[in-house]
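Below is one structure, written out as structure tokens, with a few remarks after it.
The values are calculated or read from the model by the stated rules, or taken from the named source; none is laboratory data. Small disclaimer: the values here were computed from a predicted structure and weren't measured. Every residue, glycine as well, gets a Cβ built from its backbone with ideal geometry; the counts of neighbours run over all protein chains shown.
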Ligand code: ZN
């Protein structure tokens with residue numbers, strides 16, 4: 001067994017068109033102990049009300065998606081928005097806020113990295129006081145111009161080290177990192193900083209870069225190898241299934257969650 005299903009979480013992006021109530025109810029009925037909420041999906045637009053829903057179902061928040069977007073915007077805006085996101089993570093009881101760091105567009109990579117480092121540095125203390133860790137999520141390079149100037153695990157690890165704060169680490173998303181020829185050594189190098197794992201498969205062909213991700217087992221990523229390496233390197237936190245896929249979104253929520261659980265049972269080797 002790679003990992004117990006006790007560590008399984010469903011990232012809310014997997015059920016984008018469902019309500020949070022539907023997702024939480026489906027997870028409870030499948031015995032899935034956690035979800036990763038997205039900020040635009042709060043019950044009554046409130047992190048506190050969302051926490052009440054989670055508590056009433058015995059489901060916890062594994063992380064909050066998302067903060068970040070430090071590039072190409074006034075520093076004050078990203079500071080305010082990220083402080084709110086940190087406070088919401090604390091209200092939800094989520095240990096980690098996932099950071100999508102912002103694109104390269106207009107700035108060039110060097111300036112983008114500079115803005116990202118400054119942006120994270122400006123919120124580190126607030127996050128520490130709130131008891132929230134910040135996870136830099138490296139994205140697939142195809143998103144460099146629209147979502148994240150951080151495109152490899154090695155780059156994310158370097159930024160984490162440059163920041164040098166105990167509450168800053170990174171999130172490993174299989175969809176974003178699987179192609180990296182240095183993945184094994186990068187995973188080893190990042191081992192002390194992994195705060196979260198996102199699981200999605202790479203479909204062939206991939207026709208929708210953002211919302212054409214595969215459920216585990218439907219694509220070509222050796223998910224078992226990546227998860228085994230992460231666990232061998234010491235990771236024992238949540239494993240979130242995060243599948244942005246329009247066909248999955250069109251299916252009934254209960255069926256998707258049951259499918260996710262069965263695929264992860266097979267992948268993790270939990271009986
Ligand atoms: Zn992710």
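For the reader, a short list of remarks on this structure follows.
- Scanning the stretch 135-148 for residues that are within 16 Å of the ligand (Cβ to nearest atom), closer than 22 Å to residue 114 by Cβ and over 16 Å from the mean Cα position of the chain (by Cα) yields a total of 3.
- Residue match in the stretch 78-97 (condition: at pLDDT below 95 and crowded, with 20+ Cβ neighbours inside 10 Å): yes
- The stretch 156-175, residues that are away from the ligand (no atom under 16 Å from the Cβ) and in a helix (DSSP H, G or I): 157, 158, 159, 160, 161, 162, 163
- Scanning the stretch 90-102 for residues that are within 16 Å of the ligand (Cβ to nearest atom) and under 18 Å from residue 44 (Cβ atoms) gives a single hit, 94.
- The number of residues in the stretch 177-202 being within 16 Å of the ligand (Cβ to nearest atom) and either closer than 20 Å to residue 263 by Cα or surrounded by fewer than 15 Cβ atoms within 10 Å (Cβ to Cβ) (or both) comes to 9.
- Residue match in the stretch 215-225 (condition: within 15 Å of the chain's Cα centre (by Cα) and buried (at least 20 other Cβ atoms within 10 Å of the Cβ)): no
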